[in-house]
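To keep things clear, I will list the structure first and then write my remarks on it.
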Amino acid sequence: MTLDLTTLYAIAALGALITGMVHVLPWVTRRFGHWSAYWGFGHLLIGSTALAGILHDQFVVGSLLVRLSNPALVFGYILLLAGMRTFERSRAPVLPLFLLAALLGLPLLLFADPSGFSLRVAYLSVIRAGIDIAIVLCAVRIARREDVHTGWIVAMLFTATVPLFLGRGWLALMGQVGTQPTGMHHGLAAWLAAGQIAFVVFRAFSLLILKAERGQKALAEQICRDPLTGALNRLGFERLIAPLSGTVCIMMIDIDHFKQLNDRHGHAAGDTALRRLAGIAQDVLAEDGVLVRWGGDEFVCVLPGNDGTVAPMIARAIGARFTEAMRHVVPDHPGASLSIGHAAGPIDGAVDDLLHRADATMYRAKRDRPLAPYASVA
């Protein structure tokens with residue numbers, strides 16, 4: 001079966017140019033970061049080089065167009081990699097990539113003889129396959145680190161083109177790709193080229209899909225967190241608790257004399273106390289527990305898989321550091337201390353019971369030692 005690669009290249013060029021504009025415009029209006037500019041300009045270059053190939057083959061435009069378009073294609077693909085890297089990490093260095101583009105594009109700029117068409121196809125195919133592998137690695141890292149499912153889809157789309165590029169490169173070395181990229185072609189090389197074009201068009205908007213899921217996750221994270229302290233809120237607590245099983249320790253924390261602190265020093269001092277407590281608690285808990293702002297000046301610490309034996313040590317560490325920190329905030333406030341209680345047991349169907357027990361022990365500690373300088377633990 002014979003394929004019209006001229007039409008396919010025209011479709012690919014149009015798709016790449018549209019994709020480029022869709023990504024460049026949000027960058028110009030500062031809605032997206034530099035990743036969007038790299039991705040957009042990369043597609044604009046790729047689309048332009050596809051048009052240049054059609055013009056050269058159909059209208060016999062001079063060899064200068066070929067001499068410039070092949071290095072431009074390499075630079076366009078490097079820009080795609082720069083876009084993916086800066087999407088993964090906004091401050092990722094891109095200058096080494098531009099230097100690599102210059103190094104890889106130089107042979108194509110120097111050697112544009114028509115007799116070397118097959119060798120150029122093989123060379124470009126290997127480069128494109130290598131860049132796609134690098135993009136796959138970036139997408140996999142994003143999917144794992146940020147838990148975004150579309151990262152795996154992007155990885156699969158770019159993985160699929162690697163064997164297509166390498167296969168066509170091998171056929172080019174065997175002299176089975178003809179003497180020009182467009183026109184009517186048949187055989188395996190033509191089908192590999194068609195497959196490349198299809199995947200390049202399909203994956204063009206993949207970063208926008210990743211951006212959408214990343215934004216959705218960020219919004220969901222904001223909904224589940226207290227804006228003042230950064231701790232989880234009650235909705236976040238419910239989502240945290242739902243999948244847990246086995247033994248869990250729950251600690252209830254309350255700031256002593258918090259109303260007096262607000263009345264005497266103002267709500268700014270109260271907000272500072274809440275932020276200091278949240279920062280200290282999250283630092284002490286590290287990866288062993290999660291902090292929740294329960295309401296007002298009350299916090300809950302959830303320690304999965306903990307039977308409560310380390311709770312007194314954690315409580316004293318939080319209390320001592322909080323009291324010391326507050327001495328620098330309100331030196332003349334004598335009651336900058338915490339009351340902390342805890343309860344441990346099976347979490348299955350007993351969340352309310354654990355919370356009630358932790359709350360009761362916390363208030364018993366507050367009642368028994370109302371002026372304690374450090375954490376009171378029951």
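If you check every pair at least six apart or on different chains, which have Cβ atoms under 9 Å apart with a residue in the stretch 42-71 that is not assigned by TED's automatic domain parsing to the domain that holds Ser118 first and a residue that is crowded, with 19+ Cβ neighbours inside 10 Å and modelled with pLDDT under 70 second?
Pairs that qualify, where the first residue is not assigned by TED's automatic domain parsing to the domain that holds Ser118 and the partner is crowded, with 19+ Cβ neighbours inside 10 Å and modelled with pLDDT under 70: there are none.
Residues Ala160, Ala139, Ala155, Ala143: which one is in contact with a His (Cβ under 9 Å, 6 or more places away or on another chain) and either of a type in the set (D, E, K, R) or in contact (Cβ under 8 Å) with a residue 12 or more places away in the chain (or both)? Spell out the reasoning first.
Details: Ala160 fails: in contact with a His (Cβ under 9 Å, 6 or more places away or on another chain); Ala139 fails: in contact with a His (Cβ under 9 Å, 6 or more places away or on another chain); Ala155 fails: in contact with a His (Cβ under 9 Å, 6 or more places away or on another chain).
Of the residues listed, the single one that is in contact with a His (Cβ under 9 Å, 6 or more places away or on another chain) and either of a type in the set (D, E, K, R) or in contact (Cβ under 8 Å) with a residue 12 or more places away in the chain (or both) is Ala143.
Yes or no, residue by residue, for (1) closer than 30 Å to Ile46 by Cβ; (2) β-branched (Val, Ile, Thr); (3) in contact (Cβ under 8 Å) with a residue 40 or more places away in the chain:
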position: Ile197; (1), (2), (3): yes, yes, yes
position: Lys217; (1), (2), (3): yes, no, yes
position: Ala220; (1), (2), (3): no, no, no
position: Asp226; (1), (2), (3): no, no, yes
position: Thr229; (1), (2), (3): no, yes, yes
position: Leu232; (1), (2), (3): no, no, yes
position: Glu238; (1), (2), (3): no, no, no
position: Gly246; (1), (2), (3): no, no, yes
position: Cys249; (1), (2), (3): no, no, yes
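Pairs please, first residue from the stretch 74-99 and in the same structural domain as Pro26 (by TED's automatic domain parsing), second anywhere and hydrophobic (A, V, I, L, M, F, W, C) and assigned to a loop (DSSP other than H, G, I, E, B), Cβ atoms under 6 Å, 6+ apart in sequence or on different chains.
Hits for this filter: Ala82/Val94; Arg85/Ala92; Thr86/Ala92.
Do you know which of the residues in the stretch 107-150 that are modelled with pLDDT of 85 or more and of a type in the set (Asp, Glu) is surrounded by the most Cβ atoms within 10 Å (Cβ to Cβ)?
Per the criteria, the residue is Asp132.
Kindly establish whether Met362 is surrounded by fewer than 16 Cβ atoms within 10 Å (Cβ to Cβ) and hydrophobic (A, V, I, L, M, F, W, C). Before you say what the answer is, go through the steps one by one.
Values: surrounded by fewer than 16 Cβ atoms within 10 Å (Cβ to Cβ): no; hydrophobic (A, V, I, L, M, F, W, C): yes.
In short, no.
If only one of Thr323, Thr272, Thr247 is of a type in the set (Ser, Thr, Tyr) and over 21 Å from Met362 (Cβ atoms), which one is it?
Details: Thr323 fails: over 21 Å from Met362 (Cβ atoms); Thr247 fails: over 21 Å from Met362 (Cβ atoms).
Thr272 is the lone residue from the list that is of a type in the set (Ser, Thr, Tyr) and over 21 Å from Met362 (Cβ atoms).
Asp226 - would you say it is modelled with pLDDT of 90 or more, under 24 Å from the mean Cα position of the chain (by Cα) and charged (D, E, K, R)? Even if it seems obvious, please write down each step before you answer.
Values: modelled with pLDDT of 90 or more: yes; under 24 Å from the mean Cα position of the chain (by Cα): yes; charged (D, E, K, R): yes.
Yes: the conditions hold for Asp226.
Among the numbered conditions (1) in the same structural domain as Ile280 (by TED's automatic domain parsing); (2) surrounded by fewer than 18 Cβ atoms within 10 Å (Cβ to Cβ); (3) in contact with a strand residue (DSSP E or B) (Cβ under 8 Å, 6 or more places away or on another chain); (4) at negative phi, tell me where Trp191 comes up short.
Against the list (1) in the same structural domain as Ile280 (by TED's automatic domain parsing); (2) surrounded by fewer than 18 Cβ atoms within 10 Å (Cβ to Cβ); (3) in contact with a strand residue (DSSP E or B) (Cβ under 8 Å, 6 or more places away or on another chain); (4) at negative phi, Trp191 comes up short only on (1).
What single numbered condition from (1) at pLDDT 90 or above; (2) of a type in the set (S, T, N, Q); (3) under 17 Å from Val121 (Cα atoms) fails to hold for Ser36?
(3)
Only one residue in Glu287, Glu298 is modelled with pLDDT under 90 and either over 25 Å from the mean Cα position of the chain (by Cα) or surrounded by fewer than 16 Cβ atoms within 10 Å (Cβ to Cβ) (or both). Which one? Lay out the reasoning, then the answer.
Details: Glu298 fails: modelled with pLDDT under 90.
Of Glu287, Glu298, the one residue that is modelled with pLDDT under 90 and either over 25 Å from the mean Cα position of the chain (by Cα) or surrounded by fewer than 16 Cβ atoms within 10 Å (Cβ to Cβ) (or both) is Glu287.
Among the residues of the stretch 109-122 satisfying the criterion of being assigned to a helix (DSSP H, G or I) and free of Cβ contacts under 8 Å to residues at least 40 places away in the same chain, which is farthest from Gly167 (Cα to Cα)? Steps first, answer last, please.
We begin by selecting, within the stretch 109-122, every residue assigned to a helix (DSSP H, G or I); these are 109-110, 114-122.
If we keep only those that are free of Cβ contacts under 8 Å to residues at least 40 places away in the same chain as well, we get 110, 115-116.
Working: Leu110: 25, Ser115: 21, Gly116: 18 Å.
The extreme case among them is Leu110.
The values are calculated or read from the model by the stated rules, or taken from the named source; none is laboratory data. Model, not experiment: these values are computed from the prediction. Ideal geometry is used to build each Cβ from the backbone, glycine not excepted, and the neighbour counts take in all protein chains shown.
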